[in-house]
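To keep things clear, I will list the structure first and then write my remarks on it.
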Amino acid sequence: MSDLSDLYQEVVVDHSKRPRNFRKIEGAARAAEGYNPLCGDRVAVYVKLDGDRVADVSFQGSGCAISTASASIMTETVKGKTIKEAGVLFDSFHDLVTTGNAASSRATPLGKLEVFSNVSNYPARVKCATLVWHTLQSALRGEQGAVSTE
Ligand code: ZN
C-alpha cells in the first residue's frame, strides 16, 4: 500500500511542479474561470472544440499542489474525448475523490486520475481536486462568469 502511495505521490508532485498544457489557447472557443476560496486555488480553463470533441484543452492559474496536478492531469485525460465522455469522466473522478473508489471506473477507465484516490481521506482537499473539472464543465456549457466552489 505504501509503495503505491509513494508512486501516486510522485505523479502528483511531478504534475504540480511541471504542469502539462499550462498555457492559454488564443482564440479558444470556450473558456471559464474557477475559484476555490477555501484554499485560494484559482484556475482558468481554455477549450478548443472540433464538433463535440475536445481538440485542445489547457489551463492557467495558481493553487496548491493538488489543484495544479489535478488540472494538469485533467487536460491530458480529456484531450480527444467528446463532451459527453468528459462528463462521464468527471462523474467517475468525483466518485473517486469523495469515496475512494469509482463505481463507474470499469466502464470508464480513469487511468492516471486514479492517483487522486487518497484525496477521499482529506475531505478539505476534494474541492482542490475537483475545481478544474467544475471549471471545465462550465467552459463546455459555454457559461459566463466565474465558478466558485462555495
Ligand atoms: Zn487547494
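The values are calculated or read from the model by the stated rules, or taken from the named source; none is laboratory data. For clarity, every value in this text was computed on a predicted model and none was experimentally measured. With ideal geometry, Cβ positions are generated from the backbone for all residues, glycine too; neighbour counts draw on all protein chains shown. Accessible surface is based on the protein model in full, side chains and every heavy atom, while ligands, DNA and RNA are left aside. Shrake-Rupley method; radii C 1.70, N 1.55, O 1.52, S 1.80 Å.
Among the numbered criteria (1) within 16 Å of the ligand (Cβ to nearest atom); (2) touching a Gly at 6+ places or on another chain (Cβ under 8 Å), which single criterion is violated by Lys127?
Result: Lys127 fails condition (2) only.
Restricted to region 30-44, and to residues that are open to solvent by less than 30 Å² (accessible area, probe 1.4 Å), within 16 Å of the ligand (Cβ to nearest atom) and hydrophobic (A, V, I, L, M, F, W, C), which residue is farthest from Ser67 (Cα to Cα)?
Among those residues, the one meeting the criterion is Ala44.
Output the residues belonging to region 130-149 that are open to solvent by less than 20 Å² (accessible area, probe 1.4 Å), away from the ligand (no atom under 16 Å from the Cβ) and among the polar types (S, T, N, Q). Walk me through how you get there before you give the answer.
Of region 130-149, the ones open to solvent by less than 20 Å² (accessible area, probe 1.4 Å) are 130-133, 135-136, 138-140.
Next cut, away from the ligand (no atom under 16 Å from the Cβ) only: 136, 138-140.
Ser138, the sole residue that qualifies.
Which numbered condition trips up Glu150, out of (1) of a type outside the set (Lys, Arg); (2) in contact (Cβ under 8 Å) with a residue 60 or more places away in the chain; (3) part of a helix (DSSP H, G or I)?
Every listed condition holds for Glu150 apart from (3).
For region 72-119, which residues satisfy the criterion of being modelled with pLDDT of 95 or more and in contact with a Gly (Cβ under 7 Å, 6 or more places away or on another chain)?
Residue satisfying the conditions is Thr77 alone.
Looking at Ser58, Ser67, Ser16, can you tell me which residue is surrounded by 17 or more Cβ atoms within 10 Å (Cβ to Cβ), part of a helix (DSSP H, G or I), at negative phi and in contact with a Lys or Arg (Cβ under 9 Å, 6 or more places away or on another chain)? Even if it seems obvious, please write down each step before you answer.
Numbers: Ser58 fails: part of a helix (DSSP H, G or I); Ser16 fails: in contact with a Lys or Arg (Cβ under 9 Å, 6 or more places away or on another chain).
Unique residue meeting the criteria: Ser67.
For region 122-140, which residues satisfy the criterion of being under 16 Å from Leu38 (Cβ atoms) and either over 12 Å from the mean Cα position of the chain (by Cα) or at pLDDT below 95 (or both)?
Tyr122, Pro123, Ala124, Arg125
Kindly check whether there is at least one residue in region 112-123 that is within 13 Å of the ligand (Cβ to nearest atom), exposed (fewer than 14 other Cβ atoms within 10 Å of the Cβ) and over 20 Å from Lys84 (Cβ atoms). Give the steps one after another, and end with the answer.
Let us first name the residues in region 112-123 that are within 13 Å of the ligand (Cβ to nearest atom), namely 116, 119, 122-123.
So of that shortlist, the ones also exposed (fewer than 14 other Cβ atoms within 10 Å of the Cβ) come out as 122-123.
Within this subset, residues satisfying the condition of being over 20 Å from Lys84 (Cβ atoms) are 122-123.
Yes, region 112-123 contains a residue that is within 13 Å of the ligand (Cβ to nearest atom), exposed (fewer than 14 other Cβ atoms within 10 Å of the Cβ) and over 20 Å from Lys84 (Cβ atoms).
Which residues, counting only those in region 19-29, are among the small types (Gly, Ala, Ser) and buried (at least 17 other Cβ atoms within 10 Å of the Cβ)? Walk me through it before giving the result.
Taking region 19-29 as the starting set, the residues that turn out to be among the small types (Gly, Ala, Ser) are 27-29.
Ala28 - this is the single residue of region 19-29 that is among the small types (Gly, Ala, Ser) and buried (at least 17 other Cβ atoms within 10 Å of the Cβ).
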